[in-house]
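Structure first, then comments.
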């Protein structure tokens, strides 16, 4: 073979080695876009660019390029036979049925296409050689379905007149991406007893891909007019491509209350008067005197008062002794259960001036009795003065 023939042979071989091609790197699908959970067809156009050479026994195989593609897409028939493609420029289309996993994440998945055919003759024999052309990085685009939900919230139990720093955490549990996601907290349905302080009611979550988490923080004030009960706070999430979803957070306004304390000391006894001066009922109210420097309790240091509605009051009796040389501030604790079932403990301080001792109180009672007895004797003597005089004279004569 001379030099000229060798050059012709090389050029001819190169042309036949690239006898098949695809028109695009993106796989054409029966339905667009393709979503997780879809079963659809993928089409791969195969064109003969061999300049007049016939492609015989053409078969096309579709294979995932990497594990991510193999895990996301199941190819239900991975080989398609196309027969013969004659002449340059002729085209036939291979068709593959695929199933997209429901948990497949939105994105591009890469596949390789292997085109097997006969068409290259290496000798005078009439039997052509089997050839393979590889089309790499063929892309299947899967469009995910995003789903942003609330996975955590500090909105739980609040009290009237309180200011609370709250956090809400969102997660995209779907398979798609939401661009420019925004969370909007709507308080209109709660009769305006809640207010968001500062930056308004809309909060940016940014771009949330599948699995992304975003947290917002805000300050919320509770009006004094908030009645105890459960309130539903709507939270709406929006984003590009008309994404929208609604969530609801349950918020409890606790029936917390306030107490007024006074004391009464009489005839050696000591009682604490406890009044519910708040706007909510208090259940299982109890008063305790903890260990302290100024006073000590004899006997029980806790008194159970029961339930107190707004405006109710009752007394808790104690036996206490003031520590010599100590101050006059009595410390006490009030435990109660609010309308939401939460147990609370309030610490109160009361200035107490006790009489010197119980003995002094007792002696003050004895003096009053003595004076009354003396007065009674005087009255009796005056009323019976005639009889007393007769008895006195009779006794005098008998003695003579």
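Numbers below:
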| read-out | value |
| --- | --- |
| Per residue Cα convex hull volume in Å³ - calculated over segment 116-267 | 175 Å³ |
| Relative packing of peptides 78-90, 342-354, 104-116 - highest average C-beta neighbours within 10 Å first | 104-116, 78-90, 342-354 |
| FRET efficiency, 1/(1 + (r/R0)^6) with R0 25 Å, evaluated for residue 25 and residue 56 via beta carbons | 0.40 |
| Binned Cα-Cα distances of segment 259-351, short to long, each 10 Å bin given as a whole percent | 16, 50, 26, 7, 0 |
| Efficiency of FRET from Cβ geometry, residue 232 and residue 348, R₀ 35 Å, rounded to 0.05 | 0.45 |
| Length gained when the stretch residue 180-residue 78 is fully extended (0.36 nm per residue, less Cα-Cα span) | 32.8 nm |
| Rounded FRET efficiency, nearest 0.05, which uses the C-beta distance separating residue 225 from residue 293 and R0 of 56 Å | 0.85 |
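The numbers here are math on the coordinates, done by the rules we state, and not lab data. What you see is a predicted model; the values in this text were computed from it and never measured. Positions of Cβ are backbone-derived with ideal geometry, glycine not excepted, and every protein chain shown enters the neighbour counts.
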